[in-house]
1. If you go through segment 79-97 one residue at a time, do you hit one that is within 30 Å of residue 207 (Cα to Cα) and either modelled with pLDDT under 60 or part of a strand (DSSP E or B) (or both)?
2. Would you tally the residues in segment 110-144 being under 26 Å from residue 179 (Cα atoms) and either among the polar types (S, T, N, Q) or outside the structural domain of residue 160 (by TED's automatic domain parsing) (or both)?
3. Hey, among the residues in segment 161-184 that are part of a loop (DSSP other than H, G, I, E, B) and in contact with a strand residue (DSSP E or B) (Cβ under 7 Å, 6 or more places away or on another chain), which one's modelled with the highest pLDDT?
4. Under 9 Å by Cβ, and 6 or more places apart or on different chains, what pairs join a residue from segment 163-178 that is β-branched (Val, Ile, Thr) with one that is assigned to a strand (DSSP E or B)?
5. From the list 142, 190, 158, 108, which one is part of a helix (DSSP H, G or I), within 51 Å of the chain's Cα centre (by Cα), surrounded by 12 or more Cβ atoms within 10 Å (Cβ to Cβ) and of a type in the set (A, V, I, L, M, F, W, C)?
Amino acid sequence: MLRALVLLLLVLNLGFLAWSSGWIEQISGQPAHGGREPERLKRQLAPDTIKVAPALPAPPVAAQPICLETALLSGDEALRSASAALERAGVPAGAIADQRTERPGVWAVLTIKMPNRDFQTRKEETLKRMRVPFEPLKGLPAEDPSLLISKHDSEAAAEKAMEALSQRLIKGLRVMQLSPAATQHQLRLAQADPAWLPKLQGAGFARCEAAPAVAAASAAASR
C-alpha cells in the first residue's frame, strides 16, 4: 500500500514537471499556462493609456423674445420716424403690429376774446352767478384771453351746448375747434429680439406694459 502511494506521488511529480516545463505544450500544441499566456496579456488594453474625452460645451441658450411697443403716435411724422427706426434695426415687417386708434376732434364752447381786463372780470362774475363752470383757455395765445366753458367730440354737440347757454341769457359765446380728428398709432413687437432694444429705445420703443389682468394676477401671486 505504501509502495503504491509512493509510486502515485512519483507519477504526479513527473506529470507536473512535464507540464511546467512545456513538454506537454510541445506534444499537444495547447498552451501550458492557459489563460495566463503572455500573448493574451499583450493584447489587453493598458488602463493607464486610456484617456477620457472632455465633455463638449453646452450649446448657447437662445435669448427669450421680449415685447416692445411705442407710446401713442399722433401724426404721420411720428409714424414715419418710428418706422424708419425699425427699418434701420433690421426688424422684419411681419414682426410689426400697428394698433390704430381713431381720436375724435375736440370742439369747445368759449367766450369771445375779451378786449380788456374789466370786460373779463364782469364776464367771470356773470358765469359764477349763473353757476356755469369755466377755466382760462390755454395753449392758444392768439385767442387769449378767452374762457373755456365746455369741450365736445363734435361741432354739433358744441353748438347744442352753446344754444342751451344762450337760452339762459348768457351771451358773448362761440364754438371753436381745438384739435382735429386724428388717427393714433401704437407699434408693437410681440416677439422682439432683445438685441433690437438698444437700437429702438431712442425712437420711443420700450418694454410692453403688462395688461391689467396680468398685472393683478402677478400681484395676487406675490402676496
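1. Yes: one or more hits.
2. 2
3. Result: 172.
4. From segment 163-178, the pairs are 170/149; 175/107; 175/108; 175/109; 175/110; 175/152.
5. Of 142, 190, 158, 108, the one residue that is part of a helix (DSSP H, G or I), within 51 Å of the chain's Cα centre (by Cα), surrounded by 12 or more Cβ atoms within 10 Å (Cβ to Cβ) and of a type in the set (A, V, I, L, M, F, W, C) is 158.
The values are calculated or read from the model by the stated rules, or taken from the named source; none is laboratory data. Please read these numbers as outputs of a predicted model, since none were measured by experiment. Here the Cβ is made from the backbone with ideal geometry for all residues, glycine too, and neighbour counts use every protein chain on show.
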